[in-house]
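For reference, the structure is listed below as structure tokens.
The values are calculated or read from the model by the stated rules, or taken from the named source; none is laboratory data. None of the values given here were measured: they were computed from a predicted structure. Here the Cβ positions follow ideal geometry from the backbone for every residue, glycine too, while neighbour counts run over all protein chains shown. For accessibility, only protein heavy atoms count, side chains too; no ligands or nucleic acids. Shrake-Rupley method; radii C 1.70, N 1.55, O 1.52, S 1.80 Å.
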Amino acid sequence: MHDDGFFDDEVAATYDDADGISAPEVIDPAVDLLAEYAGGGRVLEFAIGTGRLALPLARKGVEVEGIELSRAMVSRLRAKEGGRDIPVAIGDMATTRVERRFSLVYLAFNTINNLTSQEAQVACFQNAAAHLETGGHFLIEVGVPPLQRLPLGETILAFDRSDTHWGVDEYDVVSQNFTSHHIRIRDGNCRQFSVPFRYAWPAEFDLMARLAGLKLKARWGGWKKEPFTKVSDRHVSVWQKIAA
């Protein structure tokens with residue numbers, strides 16, 4: 001790992017192409033829900049990345065700022081139309097502060113898992129709360145740990161196999177840490193890299209929120225407000241900052 005974390009120039013160059021995450025059917029419902037919770041106020045995105053969500057949100061007239069560790073990802077944001085108009089603070093989303101307060105703080109696409117300790121994840125919730133106006137909302141999108149798919153005693157779970165990418169997750173159910181191992185295949189060449197994460201269950205996130213002075217407002221199985229059920233593979237959760 002280097003100053004850009006695990007999201008260096010090579011990763012940033014293809015980030016928007018991965019797994020269809022930039023497709024309109026993925027982006028549009030997310031932006032609509034974020035705009036709803038912005039309520040006409042300012043928005044702060046933790047780990048703003050290449051601006052995949054922030055730029056279309058700004059095009060809807062929402063005032064957006066960001067925090068991002070990787071300068072390589074921010075360079076991709078700046079190269080896009082409107083990307084230079086979004087203020088971005090370089091730093092860790094668990095500790096970096098900006099001066100203003102916001103009606104909505106959010107982080108998407110499993111980014112909370114990039115913080116690989118419970119302490120860091122708790123700090124992220126506290127940092128979000130510190131940036132919120134009273135009554136403002138903190139929203140995350142994150143996968144539900146797929147441990148029901150692991151046979152007893154097994155630690156390896158494949159999540160992708162295509163002509164251009166192989167992906168395998170390796171789980172430690174004691175520490176709640178896991179590592180995503182990737183092989184990218186491009187122009188006949190293979191690149192292998194691994195990224196560490198920490199998973200948490202929705203109930204644990206609710207406790208982190210409570211410690212930060214936030215109360216659960218809503219939880220869905222996706223950006224279109226699908227019901228969250230026992231078979232949901234992800235959740236979009238929203239907590240509200242309550243008065244002290």
Query raised in the report: Mind checking which lysines have their C-alpha under 24 Å from Lys241, skipping anything on the same chain fewer than 8 residues away?
Result: Lys215, Lys217, Lys224, Lys225
Query raised in the report: Given the C-alpha centroids of region 200-244 and region 38-114, what is the distance between them in whole angstrom?
Result: 20
Query raised in the report: Sorted by mean Cβ packing within 10 Å, highest first, what order do the peptides 64-75, 151-162, 88-99, 20-31 take?
Result: 64-75, 88-99, 20-31, 151-162
Report summary line: the chain: relative contact order from alpha carbon pairs under 8 Å, six or more residues apart, as a whole percent, is 16
**Report entry** Diffusion constant of region 81-223 at 10 °C, which comes from Stokes-Einstein with the Kirkwood Cα-pair radius and 1.306 mPa s, µm²/s
**Finding:** 92
**Report entry** Of all DSSP beta bridges in the chain, antiparallel share, percent nearest 5
**Finding:** 70
Requested in this report: Assign unit charges at the C-beta atoms only (+1 for Lys and Arg, -1 for Asp and Glu), then state the dipole size of region 107-182 relative to its Cα centre in Debye, rounded to the nearest 20.
Outcome: 80
Requested in this report: Write down the Kirkwood hydrodynamic radius of the chain, to one decimal in angstroms, obtained as one divided by the mean of 1/r over all alpha carbon pairs.
Outcome: 18.5
Report summary line: Relative to the compact-globule estimate 2.2 N^0.38 Å (N residues), the Cα gyration radius of region 204-243 stands at a ratio of 1.23
Query raised in the report: Evaluated at 37 °C with a viscosity of 0.692 mPa s, what Stokes-Einstein diffusion coefficient in µm²/s does region 52-137 have when Rh comes from the Kirkwood expression over alpha-carbon pairs?
Result: 239
Query - Most fluctuating residue given options Asp169, Asp187, Asp32, as computed from a GNM of the chain linking Cα atoms under 10 Å - result: Asp187
Query - Accessible surface of the chain, 1.4 Å probe, proportion on carbon and sulfur as whole % - result: 51
